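Data first, discussion second: the structure below is written as structure tokens.
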Amino acid sequence: MTLLELQNVSYQSKNKEILKNISLQIDRGDYLSIVGPSGSGKSTFLKLCAHLLSPTEGEIFFKGKDFREYSPLELRRKIAYCAQTPCLFGDTVADNLSFPYLIRKQKVDLARVEALFSSLNLNFEFMKKDVQSLSGGEKQRIVLIRTLLFKPEILLLDEVSSALDVTNTLLVEKVISSLNQTGTTVLWITHDLEQSRKYAHKLLTLDNGKIKAEEVLR
């Protein structure tokens, strides 16, 4: 079943065409790695899929329904986006991890939080830490945990392991693979060619704003 579809999508900013006539179908349960040189439009592609940007031309559909027919809040709860540069707010890690529950008017599920901490090699005591004291890799993992507190239908990842060492990168890869195996559709931008083929079902190569290649891996 096609979950996400782009039809003749182009995106232009400040008279520069960043994406050009992209057409693509992403099926439920896919794990799609996205590769290509810097400036090829990969991050813009993900932002369009997250409805953080709107196409200059073309249409994007989620479950056969035009993005524009959904409320932004409805889409945000089904399609989760994790940026390459982690953005934390408030004073502590707890401020960030309580927020997804707050906006849903739910009590924080501490068992869920603790399980995610454990899976990503973080001590639960991190909840008390000042966000300004965290390393780049710690920030990336905290933002990923915040994104995964409520399981999305589609998970969009932009270089989310770029600041991690080998050990923690492997942990992140396993967490994402496990999510995919339980039904979450994954789109992951990576510059690591080995990583791009490790768990993905499909490989999408972008170059100069266009789809250069689509490869089925398994």
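In table form, for the structure just shown:
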{"quantity": "Accessible carbon and sulfur surface of the chain relative to its total accessible area, %, 1.4 Å", "calculated": "48 percent"}
{"quantity": "Surface accessible to a 1.4 Å probe, per residue, for the residues of the chain, Å²", "calculated": "50 Å²"}
{"quantity": "Interatomic Cα distance distribution for the stretch 142-205, bins of 5 angstrom, percent", "calculated": "4, 16, 32, 28, 16, 4"}
{"quantity": "Qualifying trypsin sites (Lys or Arg not before Pro) for the stretch 1-36 [loop in DSSP, other Cβ within 10 Å: at most 13]", "calculated": "K14"}
{"quantity": "Alpha carbon centroid spacing (whole Å) that separates the stretch 154-182 from the stretch 45-120", "calculated": "16 Å"}
{"quantity": "Surrounding net charge for F62, when Lys and Arg each add one and Asp and Glu each subtract one, Cβ distance under 14 Å", "calculated": "-1"}
{"quantity": "Label-point gap, in nm, between A115 and Q25 - each point 7 angstrom along Cα→Cβ", "calculated": "3.4 nm"}
{"quantity": "Angle in degrees between helix 136-148 and the longest Cα principal axis of the chain, rounded to the nearest 10", "calculated": "80 degrees"}
{"quantity": "Rough spin-label spacing in nm, given labels placed 7 Å along Cα→Cβ, for F99 and S38", "calculated": "2.7 nm"}
{"quantity": "Rounded to 5, the percent of DSSP beta bridges in the chain classed as antiparallel", "calculated": "55 percent"}
{"quantity": "Tilt relative to the chain, helix 110-119 - C-alpha long axis, 0 to 90 degrees, to 10", "calculated": "70 degrees"}
{"quantity": "Convex hull volume per residue for the chain, taking Cα atoms only, in Å³", "calculated": "126 Å³"}
{"quantity": "Contour excess over end-to-end distance, with Cα ends at R76 and K174 and 0.36 nm allotted per residue", "calculated": "32.9 nm"}
{"quantity": "Residue among L102, F61, L171 farthest towards the positive dipole end of the chain, charges placed on Cβ", "calculated": "L102"}
{"quantity": "Calculated FRET efficiency for the pair E214/D66, C-beta based, R₀ 30 Å, to 0.05", "calculated": "0.80"}
{"quantity": "Average Cα contact separation per residue, the stretch 1-107, under 8 Å, 6 or more apart, as relative contact order %", "calculated": "26 percent"}
{"quantity": "The chain, dipole about Cα centre (Lys/Arg Cβ +1, Asp/Glu Cβ -1), debye to the nearest 20", "calculated": "360 debye"}
{"quantity": "Evaluated over the stretch 1-68, the Cα radius of gyration and Dmax, each in Å", "calculated": "11.8, 36"}
{"quantity": "Cα-based helix-to-principal-axis angle, 93-103 vs the chain, degrees rounded to 10", "calculated": "60 degrees"}
{"quantity": "Estimated 222 nm signal from helices in the chain, with DSSP H stretches of n ≥ 4 weighted -39500 (n - 2.57), rounded to 500", "calculated": "-9500 deg cm²/dmol"}
{"quantity": "Where only C-alpha atoms are counted, convex hull volume of the stretch 66-182 per residue in Å³", "calculated": "113 Å³"}
{"quantity": "Spherically averaged projected area of the stretch 34-122 from its Cα convex hull (nm²)", "calculated": "8.4 nm²"}
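The values are calculated or read from the model by the stated rules, or taken from the named source; none is laboratory data. These numbers come from a predicted model, not from an experiment. Note that we place each Cβ from the backbone using ideal geometry, even for glycine, and neighbour counts take in every protein chain shown. All accessible areas refer to the heavy atoms of the entire protein, side chains included, with ligands and DNA or RNA removed. Shrake-Rupley method; radii C 1.70, N 1.55, O 1.52, S 1.80 Å.
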